[in-house]
Amino acid sequence: MALRPAVLLALSLALALTSSHASAQDWSGIDEAAFEVVASGEIPGVLVMVGRGDDIIYRRTWGSRRVVPEHVAMTEDTIFDIASLTKPLGTTLAVMSLVERGQVKLDAPLGRYLKEFRGRAHEMVTIRRLLTHSAGLPAIPPNGSVSPGFPKAAALLSKLPFDYPPGSAFQYSDTGFMLLGEMVRRVSGEPLDRYLDQHVFKPLGLRDTSFNPSGRVRDRVAPTEFANGHLLVGEVHDARARALGGVAGHAGMFSTASDIARICRMLVGGGTLEGKQVFKSTTIATMLERSPEGNGSRALGWDVSSAFSRTASPYFPPESVGHLGFTGTSVWIDPPTRSYLILLTNRVHPSGGGATAIRDLRTRVAAAAGAALFVPELPTKVAMGDSTAPAADGGEEVKPPRPASVVRSGLDVLVAQDFAPIAGYTVGLVTNQTGVDAQGRRAIDLLAAAPRVKLAAIFTPEHGLTGDANTEVPHGRDPITGLPVWSLYGSTRRPNGGMLRGLDLVVFDIQDVGVRYYTYLTTLVYVMEEAARARIPVLVLDRPNPINGRVVEGPLMDPDLGSFTAPHPIPVRTGMTIGEFGRMVAMERKIPVSLTIVPLEGWERGRWFDETGLPWVNPSPNIRSVTQALLYSGIGLLESTNVSVGRGTERPFEVVGAPWLDPHRVSEDLNALRLSGVSFEPVVFTPSSDIYTALPCGGVRVVVTDREAIRPVTVGLAIARTLRSRHRDQFRPEAIQNLLVNRATMWAFLRNESLDRLVAWTEMERNSFLNRRASYLIYR
């Protein structure tokens, strides 16, 4: 889904042109995050280093490298157990060294190098797939298969069944990297640690990087936790690596920030460090390029956009790569700008805790570093535009006349046609409580009773068939028809072959709310993709965009940040019906699905849902009115942060608050902005569920005074900026990126740019989207 190449190229060029100014940026976000986590006692000590090219532009330590039996301060020369950073910084470099020497082929089967894996059963287990965690091997091998050590362990591991067919999926696997470490030994004739020392570490001039660090440096080693009655100091934390003598392909390396920085400098320097070529530039380019294996989420040995990358990749450019280590370590590098971030902790010291704290720390540090490092230029014509009240189609905002005719939904049109378009089909219906006609009759019952139509299965999205579930939904049966109800928000989020068996048409009838991160859109995408695989056509019964299809607002999703709440590169407020969205996605993602839209009748783009005459049914538990649907498109951006957006109250998305929020001052600050179509009132509320359950929250009520004029995304960002200014020590805004999924806008926010400039960033790609959207529109 490589969309907007010109925009990405311009962004990369702008980043490169502004790189010399990075050192002048604000690093206080890193300082605050590290200080707070150490002060809380959740992590004993932290070291952060940021570099660009050969320059270290930020480095600092906090807290202690050990707290038992006595406190010892964290220092820049502390040696850390870097855990799974061994994979990219050690084993992968060893493998690529052998590839460069012609001793290993990336697409050769592992059996060429490990005799235990010869034969048809393992012929698809290639070196490339091992490096991208897509070889089908178990994530973690049974203890008994590793404890005998290599080479015997190879024979035991070769007998393990595949978790999935090699090359068909991604699953992070220690097993695969253990085997790569053994492969290095057999091919080179040297153990992994000795090979790396001679062919990588010494050429790079590393001073403190090794497996099983010797006694002379033990005083500088950060201990991890207790195992077998003693504190691990210089012994690898990973139990399976310990069973292998401390030298393994998946874990075991110890290093310092300075040594890791030298590796990063070599990588971003294309294989060269301080004038010495350690690797060929083509080798490094091959290693760091996103691989098609592993569902396209990995490079060779490195993470790019898998689920493990979410604490960093949303805040670094799309070409960046990185990796995490279980002990609390991480590295992220961006080759085009030659930038890198190193975060080292021993979060498991002394008792194995810190799991939640390290996730929060990684996110906050990566967000602050990204905002400081990557400073693209905002195009002048965008920055100078009227970004606070964008017109939907590039002209003036004009309130269109409201036609008197009643709108008919796609379901109503199908009923009026006596179901002729689906006559003769065995149908699976994707629907929920919103799938009703103008008389309130369920689509399920209408199709079940329709002549020459066989309704065989029902599929439901998030919130289930009745729309009131707030957790994962199990499969079940419809109590009226007795038909099976397959949940697409439970053990799977896609219909599988078993669910689709026997169907020759899938009908989709669900009301969305016109917002990108509303998951019903993603369900439609998944249904189209799986129906295409099964060669089953899809028919969408269109429904209105409840907050009108005229206004488009907010930044486009960065294409590489797709998720269940980010289905396609469209703005936050889509300005499309679900049928129009389906047309766009099918074409732009090249989904080979036979797609038919049954259009609305009588609907025009300027209509709000309460102007259609159709019955309002809450599309989900916390969207109970058109106003809440409208505000959701902006206030919803805040719900991953540490504020309540009114869930568990009578006014979801109409109030925002927290126990630490000053309602009067925040309301005053927001009203002083004089945002169009909205005012703010101080309130106190107590949620009955969700975040801050049963805790009184100071907050603001968001009052829509003119729904044509309000721009909810702007309102959401204005609230976030105000909270960051007024409550810097309490507000945690980094998770806005979970739903914003636009780096340029998030960087601008974290740099505390003005609201006008921030909104200009959200509108930067607006015209290109409007041009894309035009060919998929059904209604005027």
>> If you count only protein heavy atoms and use a 1.4 Å probe, how large is the accessible surface of Phe80, to the nearest 10 Å²?
In response: 0 Å²
> Loop-only check: which trypsin sites (Lys or Arg not before Pro) in region 555-589 are DSSP coil with at most 11 other Cβ within 10 angstrom?
Replying inline: none
> For region 503-580, what D do you get in µm² per second when you plug the Kirkwood radius from alpha-carbon pairs into Stokes-Einstein at 25 °C and 0.890 mPa s?
Replying inline: 188 µm²/s
> What ranking do 96-107, 440-451 get when scored by the average of other Cβ atoms within 10 Å per residue, highest first?
Replying inline: 440-451, 96-107
>> Let me check I've understood the local charge: for Arg185, count other residues with C-beta under 12 angstrom from its C-beta, Lys and Arg +1, Asp and Glu -1. What total comes out?
In response: -1
> By how many degrees, between 0 and 90 and to the nearest 10, does the Cα long axis of helix 5-17 differ from the longest principal axis of the chain?
Replying inline: 50 degrees
> So what are the radius of gyration and Dmax for the Cα set of region 122-250, in Å?
Replying inline: 16.0, 47
> Taking only Cα atoms, what is the 0 to 90° angle, nearest 10, from helix 520-533's long axis to the longest principal axis of the chain?
Replying inline: 80 degrees
> Kirkwood Rh over Cα pairs of region 669-780 into Stokes-Einstein at 4 °C, 1.567 mPa s: D in µm²/s?
Replying inline: 80 µm²/s
> Could you give the dipole magnitude of the chain about its Cα centre, charging the beta-carbon of Lys and Arg +1 and that of Asp and Glu -1, in debye to the nearest 20?
Replying inline: 1820 debye
> Can you pull the Kirkwood radius for region 457-512, inverse mean 1/r over Cα pairs, to one decimal in Å?
Replying inline: 11.8 Å
>> So if I take the centroid of the Cα atoms in region 93-147 and the same for region 679-725, what is the distance between those two points in Å?
In response: 53 Å
>> Taking loop as defined by DSSP and a crowding limit of 16 other beta carbons within 10 Å, which GluC sites (Glu not before Pro) in region 283-329 fit?
In response: Glu289
> Where the only charges are on Cβ atoms (+1 Lys, Arg; -1 Asp, Glu), what is the dipole of region 420-555 about its Cα centre, to the nearest 20 debye?
Replying inline: 340 debye
>> How far apart, in nanometres, would the label points at Thr481 and Arg218 be if each is projected 7 angstrom from Cα along the Cα-to-Cβ direction?
In response: 7.1 nm
> Quick one: putting +1 on the C-beta of Lys and Arg, -1 on the C-beta of Asp and Glu, what dipole do you get for region 603-656 around its Cα centre, in Debye to the nearest 20?
Replying inline: 80 debye
>> Just want to confirm a number: the relative contact order over the chain, from Cα pairs under 8 angstrom separated by 6+ residues, in percent.
In response: 12 percent
> Can you pull the Kirkwood radius for region 60-160, inverse mean 1/r over Cα pairs, to one decimal in Å?
Replying inline: 16.5 Å
> Hey, rough spin-label estimate for Arg726 and Arg112, points 7 angstrom out along Cα→Cβ, what's it come to in nanometres?
Replying inline: 6.4 nm
> Using the alpha-carbon centroid of each, what span in Å lies between region 166-227 and region 462-483?
Replying inline: 50 Å
> With the calculation restricted to Cα positions, what are the radius of gyration and Dmax of the chain in angstrom?
Replying inline: 27.9, 86
> In degrees, nearest 10, range 0 to 90: what is the angle between the Cα axis of helix 174-188 and the longest Cα principal axis of the chain?
Replying inline: 40 degrees
>> Once you keep just the Cα pairs under 8 angstrom separated by 6 or more residues, what percentage relative contact order results for region 438-561?
In response: 20 percent
>> Rounded to whole Å, give me the distance from the Cα center of region 605-639 to that of region 405-426.
In response: 25 Å
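The values are calculated or read from the model by the stated rules, or taken from the named source; none is laboratory data. Note that the coordinates shown come from a computational prediction; the quantities given were computed from them, not determined experimentally. Backbone-built Cβ (ideal geometry, glycine too); neighbour counts: all protein chains shown. Only protein heavy atoms, including side chains, enter the accessible area calculation; ligands, DNA and RNA are left aside. Shrake-Rupley method; radii C 1.70, N 1.55, O 1.52, S 1.80 Å.
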